[in-house]
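Data first, discussion second: the structure below is written as structure tokens.
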Amino acid sequence: MRIVIDHVSKSFGKVTALSDVNLEIGAGELFFLLGPSGCGKTTLLRCIGGFEQPTAGRIFFGDEDVTGKQAHERNTAMVFQGYALWPHMTVAENVAFGLEMRRVSGAERARRVDEALARVQISELRNRRPNELSGGQQQRVALARTLVVQPGCLLLDEPLANLDAKLRRDMRREIRSLCKESGLTGIYVTHDRQEALSMADRVAVLKDGVIRQVASPQELYRRPASAFIANFIGETNFLRGKVVANEPGRVLLDVAGVRLVAESCPEAFGIGAEVVLSLRPEALFRTYEAGEGANRLRVTVRETSYLGEIADHIAVSEQGQEIKFFELNPVGMLRNGEALTLGVEARDVVILPEAD
């Protein structure tokens, strides 16, 4: 089911939660709403589901304007953070509840409950009650309960927030697989960037009720539209610089006397333009090349954290800028006070506008 959000705004008294939001979510797409607490992502999800009505704008499911319709009148199902299972019902009864409300016949109801339980791999738990289940099992019941009503759109409001780290990773794969196998349009709210990057087809990043960027996970990470997005989506180093030359295929920059080269970007920055550069810690590498070439930063190690598969280093450049860089599969430890040179490829020097 294709969903269109057309100039939607939502206010609560004098507080504006959403401001002129425009989105088109494709049929069968797993679409994420990502942002910090209070950015408006849950409000937008609730407007889509019919739990809130927008102050302005319209919402379309396919060609149908559903703006004024209540939640039960829309072909959606919602998975809440708290699961919201009936404690006095068995797993099978919880899953069947929505079908009973829709007056589905007994035989058809039993068939669909069996199918939903099998799909989330909890058929053997059908006679247990919620207090006899682990957090992951309760999450599967909540998913089965939404899938059994065969919605056109699945809404998920931070559904994995109450699970431990390993179970969250496992459930990410399962939720994505379930959505794709069922052909569902999924809209998923989270503040967890790893969930968004690992699961989404596309991501909308919100801040202060406004959509700041819509992109694929890879584009969002490698080509963020602003310093806010670059920092929110992952760790990074920000350096301030000036454009020295903008040539075909590359941009030359001066960062406190250090020369950096970036690949050309869509924005046309003029000579002398002040910009912010984003350099991801994993993009920086130790180099032993001699000379004063571009994309070389001389630093002094200040602190090192050994994490097994990775070492997390904090260094200080000759210009006094704190620089963080990662070392994969470290076989030795860098010493505090050790001087070294870091390199970075032009493709990993991301130019951002000065204003965020």
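Against the definition (at pLDDT below 90, small (Gly, Ala, Ser) and over 33 Å from the mean Cα position of the chain (by Cα)), how does ALA294 come out, yes or no? Yes; evaluated as a whole, the condition is true for this residue. Scanning region 55-66 for residues that are open to solvent by 20 Å² or more (accessible area, probe 1.4 Å) and either acidic (Asp, Glu) or at pLDDT 95 or above (or both) turns up THR55, ALA56, GLY57, ARG58, PHE60, ASP63, GLU64, ASP65. Output the residue which, of all residues in region 150-173 that are touching a residue at least 40 places away in the same chain (Cβ under 8 Å) and either of a type in the set (S, T, N, Q) or more than 22 Å from GLY26 (Cβ to Cβ) (or both), is surrounded by the most Cβ atoms within 10 Å (Cβ to Cβ). Among those residues, the one meeting the criterion is GLU158.
Looking across region 23-54, the residues that are loosely packed, with under 15 Cβ neighbours inside 10 Å and farther than 16 Å from SER11 by Cβ come down to GLU24, GLY26, ALA27, PRO36, SER37.
The single condition from (1) at negative phi; (2) open to solvent by 50 Å² or more (accessible area, probe 1.4 Å); (3) basic (Lys, Arg) that ARG112 fails is (2). Taken over region 180-191, the residue count meeting the criterion of being closer than 20 Å to GLU115 by Cα and surrounded by fewer than 22 Cβ atoms within 10 Å (Cβ to Cβ) is 4. Picking from residues in region 301-310 that are within 13 Å of ASN336 (Cβ to Cβ) and open to solvent by less than 50 Å² (accessible area, probe 1.4 Å), the one that is nearest to the chain's Cα centre (by Cα) is SER305.
Matching residues to (1) among the basic types (Lys, Arg); (2) modelled with pLDDT of 95 or more; (3) surrounded by fewer than 18 Cβ atoms within 10 Å (Cβ to Cβ); (4) closer than 23 Å to LEU23 by Cα:
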site	(1), (2), (3), (4)
PRO224	no, no, no, yes
VAL243	no, no, no, no
PRO248	no, no, yes, no
VAL251	no, no, no, no
SER264	no, no, yes, no
ALA268	no, no, yes, no
ILE271	no, no, yes, no
LEU284	no, yes, no, no
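The helices (runs of 4 or more DSSP H) falling completely within region 122-232 that include 3 or more residues that are within 29 Å of ARG74 (Cα to Cα) map to 135-147, 165-182, 193-199. Of all residues in region 63-109, those satisfying the criterion of being without any contact (Cβ under 8 Å) to a residue 12 or more places away in the chain and outside any helix (DSSP H, G or I) are ASP63, GLU64, ASP65, ARG103, VAL104, SER105.
Scanning region 192-211 for residues being touching a residue at least 40 places away in the same chain (Cβ under 8 Å) and crowded, with 18+ Cβ neighbours inside 10 Å gives a total of 13.
The values are calculated or read from the model by the stated rules, or taken from the named source; none is laboratory data. Fair warning: this is a prediction, and the values are worked out from it, not measured in the lab. Positions of Cβ are backbone-derived with ideal geometry, glycine not excepted, and every protein chain shown enters the neighbour counts. Ligands, DNA and RNA are excluded from the accessible area calculation, which covers all protein heavy atoms including side chains. Shrake-Rupley method; radii C 1.70, N 1.55, O 1.52, S 1.80 Å.
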